[in-house]
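A.B. asks: Just dropping this structure here.
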Amino acid sequence: MASQVESFIRKVVAEGAIKVAEFNRWRPRVVAKANPFLIGIHEPLGDEATLENPEVTGTIPPELDGCYLRNGPNPIEANPATYHWFLGDGMIHGLRLKHGKAQWYKNRWVRTSSVSKALGEPPAPGTRNGRFDTVNTNILGHAGKIWALVEAGGFPVEIDGDLETVAHNPFAGTLHGAFTAHPHVDPDTGEMHAICYDAQILDAVRYVVVGADGRVRRDEKIAVEHGPSIHDCAITENYVIVLDLPVTFSMKSLLAGQDFPYAWNPKHRARVGLLPRKHPGELVWCEVAPCYVFHPANAYERADGKIVFDACVHDTMFAQNAHGPVSARLAFERWTIDPVTRRVNREVIDPDAQEFPRIDQRRTGKPYRFAYALAVENGSAEAMPQTRLFKHDLETGRREVHDFGPNRLPGEFTFVPRSAGSAEDDGWLMGFVLNAKNGTADFVVLDAQNFAGPPQAEVHLARRIPPGFHGNWVASGTG
Ligand SMILES: [Fe+2]
């Protein structure tokens, strides 16, 4: 009963706070400076397009039969004073490859309620998780369907092979609460593992497992304080790694009318949780120095029982009111976590600022050798103004660089293996590159084993593609 009363009070307080926040959000105010995530390279597109048979240079590998899909924010309507990059309406950009040809490029908004209304369409079908149904962060294939994903609120949205919204779909009614944009598929079972949080629930997050059949088969609460923002997680053979770090829900930001109510919280103890995922057992919390991680690259267990966890680590995040992520120091680190002593040993793999690390996903949760990441700039208000990708050989410590050249700005690049049985790193990296000078973009395929060399193929698009978040390859017949 006590929890019912608490839930009721929290709901009433939250609804009141939302009303105040909505008033403050649209209250006229002086915009001190332009919002960097609404202008320049980030200026949102105003339309949806289809480009048939775009021009290609190089050779598209004939093995690639499917679609590269990428999700990201592209607001139809935004208040520059309060807009946050993480909350813009989702737009999918897609590139279809078959028989060594680029068949089409398309971009489509994810049909959330506000997008459908703005476009003069009826709402997309399906169940919503409360009022906020923006889905703008990731897109992937699972259980024969394509899913657009977001954390903290909106249910997954099913997308068809032409990038059209099918329905808001909480995994056939089996998901009861917010999901995440970063589930991790266990390559041995095909199950997706996720740590999920809900913006309106401050004292718990959830460990959710979605089976290979696309239905939730496990949903467990984990007690936390302050409503931490947990963007991603990692899995190993026996554990799920829970990142309970000091970016937490901020009532102050919400009441001020900021669209993104999360802030750096020095009072929140930074800790990493090891949650047994195969056998019953206690969640082991290990303290770390305050920091923030959006994206791990991978994690695995060593023979001595210690856990290796590689990630891009920010010194702080959202410490001041900004319209996107800014940190003073960001590096690629290796953490070695001892579940017995609960100590975390941090080492820097690469001190250069980088984000969006990706791996060969067949190595998820297992010892691995290669990681690929996007160079970014510390303290940059634009978030992604760099021209380089990195490839890390974690065995030799060697780093290779692919530089796209002046004014050519890559986003996240995704690794696609040459075949199911090919070796780690034997395959391609793919993603979009914005040509900042002339307002066009390219879809670029790199040979991962000739990383610094010329691209394997480039598909030239007579359209700008603003920086976005995460993309994946969906092979024909798998999504
Ligand atoms: Fe992310």
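A.B. asks: Which of (1) closer than 16 Å to Gly365 by Cβ; (2) surrounded by fewer than 19 Cβ atoms within 10 Å (Cβ to Cβ) does Val240 not meet, given it meets every other one?
C.D. replies: Here Val240 meets the rest and fails (2).
A.B. asks: While we're looking at this one, here's another question. Report, by residue number, each residue of the range 181-204 that is of a type in the set (Val, Ile, Thr), more than 16 Å from the ligand (Cβ to nearest atom) and buried (at least 16 other Cβ atoms within 10 Å of the Cβ).
C.D. replies: Hit for the range 181-204 is Ile201, nothing else.
A.B. asks: Could you please let me know if Arg399 is within 25 Å of Val308 (Cα to Cα) and touching a residue at least 40 places away in the same chain (Cβ under 8 Å)?
C.D. replies: Details: within 25 Å of Val308 (Cα to Cα): yes; touching a residue at least 40 places away in the same chain (Cβ under 8 Å): yes.
Considered against the rule, which asks whether it is within 25 Å of Val308 (Cα to Cα) and touching a residue at least 40 places away in the same chain (Cβ under 8 Å), Arg399 comes out as yes.
A.B. asks: What do you reckon, is Gly177 part of a loop (DSSP other than H, G, I, E, B), among the small types (Gly, Ala, Ser) and surrounded by fewer than 17 Cβ atoms within 10 Å (Cβ to Cβ)? Give the derivation first.
C.D. replies: Details: part of a loop (DSSP other than H, G, I, E, B): yes; among the small types (Gly, Ala, Ser): yes; surrounded by fewer than 17 Cβ atoms within 10 Å (Cβ to Cβ): no.
For Gly177, the condition - part of a loop (DSSP other than H, G, I, E, B), among the small types (Gly, Ala, Ser) and surrounded by fewer than 17 Cβ atoms within 10 Å (Cβ to Cβ) - is not met.
A.B. asks: List pairs: first residue in the range 159-185 and more than 27 Å from Leu119 (Cα to Cα), second residue within 16 Å of the ligand (Cβ to nearest atom) and outside any strand (DSSP E or B) anywhere in the structure, Cβ distance under 7 angstrom, at least six positions apart or on different chains.
C.D. replies: His182/His231; His182/Asp232; His182/Cys233; His184/Cys233; His184/Thr364; Val185/Gln361; Val185/Thr364
A.B. asks: So, one more: Considering only residues that are out of contact with any Lys or Arg (no Cβ under 6 Å at 6 or more places or on another chain) and away from the ligand (no atom under 16 Å from the Cβ), look in the range 154-163 and name the one that is farthest from Thr478 (Cα to Cα).
C.D. replies: Kept after step one, since they are out of contact with any Lys or Arg (no Cβ under 6 Å at 6 or more places or on another chain), are these residues of the range 154-163: 154-157, 159-162.
Checking the rest, the ones that are also away from the ligand (no atom under 16 Å from the Cβ) come to 155, 157, 159-162.
Values: Phe155: 21, Val157: 17, Ile159: 13, Asp160: 12, Gly161: 11, Asp162: 14 Å.
Of everything passing the filter in the range 154-163, Phe155 is farthest from Thr478 (Cα to Cα).
A.B. asks: Residues of the range 333-388 being under 29 Å from Val284 (Cα atoms) and small (Gly, Ala, Ser), which ones?
C.D. replies: Once the filter is applied, which keeps residues that are under 29 Å from Val284 (Cα atoms) and small (Gly, Ala, Ser), the range 333-388 yields Gly365, Ala371.
A.B. asks: Which of the residues that make up the range 312-342 are part of a loop (DSSP other than H, G, I, E, B) and charged (D, E, K, R)?
C.D. replies: Restricting attention to the range 312-342, the residues satisfying the condition of being part of a loop (DSSP other than H, G, I, E, B) are 315-329, 338-342.
The answer is Asp315, Arg329, Asp338, Arg342.
A.B. asks: A further question follows. Just to be sure I understand, how many residues within the range 173-194 are within 17 Å of Arg277 (Cβ to Cβ) and within 13 Å of the chain's Cα centre (by Cα)?
C.D. replies: 5
A.B. asks: Read through the list (1) among the hydrophobic types (A, V, I, L, M, F, W, C); (2) assigned to a loop (DSSP other than H, G, I, E, B); (3) more than 17 Å from Phe443 (Cβ to Cβ), then give the number of the only condition that Phe86 fails.
C.D. replies: If we test Phe86 against (1) among the hydrophobic types (A, V, I, L, M, F, W, C); (2) assigned to a loop (DSSP other than H, G, I, E, B); (3) more than 17 Å from Phe443 (Cβ to Cβ), just (2) comes out false.
A.B. asks: Also, quick follow-up: Condition test on His323, is it in contact (Cβ under 8 Å) with a residue 12 or more places away in the chain and in contact with a Cys (Cβ under 8 Å, 6 or more places away or on another chain)? Lay out the reasoning, then the answer.
C.D. replies: Working: in contact (Cβ under 8 Å) with a residue 12 or more places away in the chain: yes; in contact with a Cys (Cβ under 8 Å, 6 or more places away or on another chain): no.
Spelling it out, it is not the case that His323 is in contact (Cβ under 8 Å) with a residue 12 or more places away in the chain and in contact with a Cys (Cβ under 8 Å, 6 or more places away or on another chain).
A.B. asks: Here's another thing I want to ask about it. Against the definition (more than 16 Å from the ligand (Cβ to nearest atom), outside any strand (DSSP E or B) and either under 16 Å from Gly161 (Cβ atoms) or free of Cβ contacts under 8 Å to residues at least 60 places away in the same chain (or both)), how does Pro122 come out, yes or no? Even if it seems obvious, please write down each step before you answer.
C.D. replies: Numbers: more than 16 Å from the ligand (Cβ to nearest atom): yes; outside any strand (DSSP E or B): yes; either under 16 Å from Gly161 (Cβ atoms) or free of Cβ contacts under 8 Å to residues at least 60 places away in the same chain (or both): yes.
Spelling it out, Pro122 is indeed more than 16 Å from the ligand (Cβ to nearest atom), outside any strand (DSSP E or B) and either under 16 Å from Gly161 (Cβ atoms) or free of Cβ contacts under 8 Å to residues at least 60 places away in the same chain (or both).
A.B. asks: Being crowded, with 24+ Cβ neighbours inside 10 Å and in contact with an Asp or Glu (Cβ under 8 Å, 6 or more places away or on another chain) is the filter here; which residues of the range 134-145 pass it?
C.D. replies: Answer for the range 134-145, where residues must be crowded, with 24+ Cβ neighbours inside 10 Å and in contact with an Asp or Glu (Cβ under 8 Å, 6 or more places away or on another chain): just Asn136.
A.B. asks: Tally time: how many residues in the range 95-112 are surrounded by fewer than 24 Cβ atoms within 10 Å (Cβ to Cβ) and among the polar types (S, T, N, Q)?
C.D. replies: Of the residues in the range 95-112, 2 are surrounded by fewer than 24 Cβ atoms within 10 Å (Cβ to Cβ) and among the polar types (S, T, N, Q).
A.B. asks: All but one of (1) in contact with a Cys (Cβ under 7 Å, 6 or more places away or on another chain); (2) surrounded by 17 or more Cβ atoms within 10 Å (Cβ to Cβ) hold for Ile349; which doesn't?
C.D. replies: So Ile349 meets the others, but not (1).
A.B. asks: Can you pull out every residue in the range 387-421 that is assigned to a strand (DSSP E or B) and among the aliphatic types (A, V, I, L, M)? Working first, answer last.
C.D. replies: First pass over the range 387-421, keeping only residues assigned to a strand (DSSP E or B): 388-393, 399-403, 408-410, 414-417.
Selection gives Leu389, Val401, Leu409, Val416.
A.B. asks: Within the range 254-264, does at least one residue satisfy the condition of being buried (at least 20 other Cβ atoms within 10 Å of the Cβ), within 15 Å of Ala178 (Cβ to Cβ), at pLDDT below 95 and not basic (Lys, Arg)?
C.D. replies: Scanning the range 254-264, I find at least one residue that is buried (at least 20 other Cβ atoms within 10 Å of the Cβ), within 15 Å of Ala178 (Cβ to Cβ), at pLDDT below 95 and not basic (Lys, Arg), so the answer is yes.
A.B. asks: Looking at (1) more than 16 Å from the ligand (Cβ to nearest atom); (2) in contact (Cβ under 8 Å) with a residue 12 or more places away in the chain; (3) not small (Gly, Ala, Ser), find the lone condition where Val247 falls short.
C.D. replies: Among (1) more than 16 Å from the ligand (Cβ to nearest atom); (2) in contact (Cβ under 8 Å) with a residue 12 or more places away in the chain; (3) not small (Gly, Ala, Ser), the lone unmet condition for Val247 is (1).
A.B. asks: Next question. Would you pick out the residues in the range 268-290 that are in contact with a Pro (Cβ under 8 Å, 6 or more places away or on another chain) and either within 16 Å of the ligand (Cβ to nearest atom) or part of a loop (DSSP other than H, G, I, E, B) (or both)? Step through it out loud before you land on a result.
C.D. replies: Initial filter on the range 268-290 (in contact with a Pro (Cβ under 8 Å, 6 or more places away or on another chain)): 268-270, 274, 282-284, 286, 290.
Scanning the range 268-290 gives His268, Arg269, Ala270, Glu282, Leu283, Pro290.
Results for (1) within 24 Å of the chain's Cα centre (by Cα); (2) within 16 Å of the ligand (Cβ to nearest atom); (3) not acidic (Asp, Glu), shown as yes or no for each residue.
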site	(1), (2), (3)
Leu409	yes, no, yes
Gly421	no, no, yes
Asp425	yes, no, no
Lys437	no, no, yes
Val444	yes, no, yes
Asp447	yes, no, no
Gly453	no, no, yes
Glu458	no, no, no
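A.B. asks: Separate question: Looking only at the range 128-153, which residues are away from the ligand (no atom under 16 Å from the Cβ) and either outside any loop (DSSP other than H, G, I, E, B) or within 29 Å of Gly324 (Cα to Cα) (or both)?
C.D. replies: Our first condition is that a residue be away from the ligand (no atom under 16 Å from the Cβ); within the range 128-153, this holds for 128-133, 141-146.
Scanning the range 128-153 gives Arg128, Asn129, Gly130, Arg131, Phe132, Asp133, Gly141, His142, Lys145, Ile146.
The values are calculated or read from the model by the stated rules, or taken from the named source; none is laboratory data. Not measured: the values here are computed from a predicted model. FYI the Cβ positions are ideal-geometry reconstructions off the backbone, even for glycines, and counts take in every protein chain you see.
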